[in-house]
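J.: Okay, here's the structure, questions in a sec.
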Amino acid sequence: MDAYRNSWAAELAAAQAWWREAGVDLAFADEATDWLAGARATKDAASPVAPPKVAPAPPTAPPRIGGARASWPTTLADFGAWWLTEPTVDPAPAARRVLPSGPGHAALMVLVPTPEPEDRETLLAGPRGRLLEAILAAFGFARSEVYLASALPCPTPVADWPQLASTGMREVLAHHVALAAPRRLIVFGRDVSPLLGHDPAQASTNSLEFNHDGGTVPLAFAPALEALLERPALKRGLWRRWLDWTGT
């Protein structure tokens, strides 16, 4: 019996030695074993479940300046209250907005881009306003005889005029002019040109018209009041243009 065991052990040892000589020193199986399956299952069970991805909502367009057309004022007398309170016209509160002044159906409407920074209750209460009064006197008008307005209700140093025109301010200005119904419209400063639908390069011509809700009004451009303050020589050209425009 012992001889048999010794003989079997010797054969086993010889077989193992043969396989080692052949380069096989590990046991192999035909089916692959996923030794990390347990570890992954444990990690997945401990990890929180990610929420489903939700596509972002498309951006909404800002409301048109002026809001619903049906809510616009229908008389010049009602325009002031609307100008002070309509939220889409300007984000500033009523205390920072400045009203236009003067009578409707005036012989002349004067339009400036914005109020002066120091304006509170009166439009153009500072040095630009004093210059304008002198210009109007040369034209034959008192300030109280013209309709004086600004295209925007608040001082706005860096206004994006093309953007304002495309988002509704052009229509608001046209409605404003229609309510004021002046016989002539003079604009000081070319920045506001996009709201009037005119190329600033053509501002020197005297045959322009502004189309508004109620028809058209003769339109003329003048240098900005601040430019006239800084360069008094510009007044001479303004005077000549006024004479050509009015035929006097």
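J.: Scan region 181-195 and report the pairs whose first residue is over 24 Å from residue 77 (Cβ atoms) and whose second residue is among the basic types (Lys, Arg), with Cβ atoms within less than 9 Å and a gap of 6+ or a chain change.
T.: Once the first residue is over 24 Å from residue 77 (Cβ atoms) and sits in region 181-195, its partners that are among the basic types (Lys, Arg) give 188/128; 194/170.
J.: Tell me, yes or no, whether region 167-178 has at least one residue that is surrounded by 19 or more Cβ atoms within 10 Å (Cβ to Cβ), out of contact with any Leu (no Cβ under 7 Å at 6 or more places or on another chain), not charged (D, E, K, R) and not in a helix (DSSP H, G or I).
T.: No, there is no match, as no residue in region 167-178 is surrounded by 19 or more Cβ atoms within 10 Å (Cβ to Cβ), out of contact with any Leu (no Cβ under 7 Å at 6 or more places or on another chain), not charged (D, E, K, R) and not in a helix (DSSP H, G or I).
J.: Now, a different point. Quick test for you: out of 64, 97, pick the one residue that is within 28 Å of residue 158 (Cβ to Cβ) and in contact (Cβ under 8 Å) with a residue 60 or more places away in the chain.
T.: Numbers: 97 fails: in contact (Cβ under 8 Å) with a residue 60 or more places away in the chain.
Selected residue: 64, the only one of 64, 97 that is within 28 Å of residue 158 (Cβ to Cβ) and in contact (Cβ under 8 Å) with a residue 60 or more places away in the chain.
J.: May I pose another question? Taking region 192-232, which residues are assigned to a loop (DSSP other than H, G, I, E, B) and at pLDDT 95 or above?
T.: 223, 224, 231
J.: Which one of 220, 138, 142 is within 22 Å of residue 106 (Cβ to Cβ), surrounded by 19 or more Cβ atoms within 10 Å (Cβ to Cβ) and over 26 Å from the mean Cα position of the chain (by Cα)?
T.: Just a single option satisfies the conditions, and that option is 220.
J.: Let me ask something additional. Can you list residue pairs whose Cβ atoms sit under 8 Å apart, with the first residue in region 118-134 being surrounded by fewer than 18 Cβ atoms within 10 Å (Cβ to Cβ) and the second being aliphatic (A, V, I, L, M) and assigned to a helix (DSSP H, G or I)? Count only pairs 6 or more apart in sequence or on different chains.
T.: Short answer, once both residue conditions are applied: 127/229.
J.: To continue, here is another question. Using the structure shown, decide if residue 128 is assigned to a loop (DSSP other than H, G, I, E, B), at negative phi and either in contact with a helix residue (DSSP H, G or I) (Cβ under 6 Å, 6 or more places away or on another chain) or modelled with pLDDT of 95 or more (or both). I'd like the intermediate steps shown before the answer.
T.: Numbers: assigned to a loop (DSSP other than H, G, I, E, B): no; at negative phi: yes; either in contact with a helix residue (DSSP H, G or I) (Cβ under 6 Å, 6 or more places away or on another chain) or modelled with pLDDT of 95 or more (or both): yes.
Here the answer is no, as residue 128 does not meet what is asked.
The values are calculated or read from the model by the stated rules, or taken from the named source; none is laboratory data. Remember, it's a predicted structure, so these values are computed and weren't measured experimentally. As a convention, Cβ positions derive from the backbone with ideal geometry for all residues, glycine included, and neighbour counts pool all protein chains shown.
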